[in-house]
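Engineer: What follows is a single structure, and I will ask about it in a moment.
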Amino acid sequence: MSGSSGGGGGGIVDDDQVACHLLKFETRITSPNAAVIGSLTVGKQLIVQVAAGSAAQEIQVLTPEGRQIVGGLLHNRAQRLRECLLAQTRYKATVRSINNGQVYVFVEPT
């Protein structure tokens, strides 16, 4: 019996092949800054960038007006997002929900 490769997802592409202008996903902000979370509202757009001076090239989420750190981003697409950010593609994170200190955002190119 010959088997199939399984994948059957139709149109799913490896993350390293997703064009930067098409990279979009929903995720949770990691290590949220409690002092900043209180000022967030659903629909608020945040800045996504590689942390300045970070040897690990961590991805940070910042408020646009005060550039305060909201937290970080970890996702299975984080490596591709980092590559795209370093290649000068700009991204925003729109707050989708806030629940008990957990902030969920939708990340997409600007």
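The values are calculated or read from the model by the stated rules, or taken from the named source; none is laboratory data. Everything numeric here is computed off the predicted structure, so don't read it as measured data. Cβ placement follows ideal geometry from the backbone for every residue including glycine, while neighbour counts extend to all protein chains displayed. Ligands, DNA and RNA are excluded from the accessible area calculation, which covers all protein heavy atoms including side chains. Shrake-Rupley method; radii C 1.70, N 1.55, O 1.52, S 1.80 Å.
Engineer: Kindly sort TYR104, TYR91 by accessible area of their heavy atoms, largest first, with the probe set to 1.4 Å.
Structural biologist: Descending accessible area places them as TYR104, TYR91.
Engineer: So, one more: What's the extension gain from GLN49 to CYS20 if we count 0.36 nm per residue and subtract their Cα-Cα distance?
Structural biologist: Answer, rounded to one decimal: 9.0 nm.
Engineer: To the nearest 20 Debye, how big is the dipole of the chain about its Cα centre, given +1 on the beta carbon of each Lys and Arg and -1 on that of each Asp and Glu?
Structural biologist: Charge dipole of the chain: 260 debye, to the nearest 20.
Engineer: Here is a follow-up. List every residue whose amide H lies under 5 Å from the amide H of VAL70, counting only residues 5 or more places away in sequence or on a different chain, with H placed 1.01 Å from N in the peptide plane.
Structural biologist: The list, which skips near neighbours in sequence, is VAL61, LEU62, THR63.
Engineer: Dipole of the chain (Lys/Arg Cβ +1, Asp/Glu Cβ -1, origin at the Cα centre): which of GLN79, GLN49, VAL18 lies farthest to the positive side?
Structural biologist: GLN49
Engineer: What accessible area per residue comes out for the stretch 60-109, rounded to a whole number of Å², with a 1.4 Å probe? It would help to have the intermediate numbers written out before the result.
Structural biologist: Values: 2620 Å² over 50 residues.
That works out to 52 Å² for each residue.
Engineer: Hey, of (1) 15.8, 62; (2) 13.1, 39; (3) 35.3, 108, which did the structure itself give for Rg and Dmax of the Cα atoms in Å when calculated?
Structural biologist: (1)
Engineer: Applying the Karplus parametrisation 6.51 cos²θ - 1.76 cosθ + 1.60 with θ = phi - 60° to the phi angles of the stretch 100-107, what ³J(HN,Hα) value in whole Hz is obtained for each residue in order, glycine and proline being reported as x?
Structural biologist: Per residue, the Karplus-derived 3J(HN,Hα) values read 6, x, 8, 10, 9, 10, 10, 9 Hz.
Engineer: May I pose another question? Assigning unit charges at the beta carbon (Lys, Arg +1; Asp, Glu -1) and nothing else, what dipole magnitude in debye, to the nearest 20, does the stretch 15-74 show about its Cα centre?
Structural biologist: 200
Engineer: Ok, one more. To the nearest 0.05, what FRET efficiency results for ALA35 and ARG67 with a Förster distance of 22 Å applied to their C-beta separation?
Structural biologist: 0.95
Engineer: Convert each backbone phi in the stretch 21-33 into a coupling constant with the Karplus relation 6.51 cos²θ - 1.76 cosθ + 1.60 (shift: θ = phi - 60°), then list the ³J(HN,Hα) values in order as whole Hz, x for Gly and Pro.
Structural biologist: 6, 10, 6, 9, 6, 9, 7, 9, 6, 8, 6, x, 7
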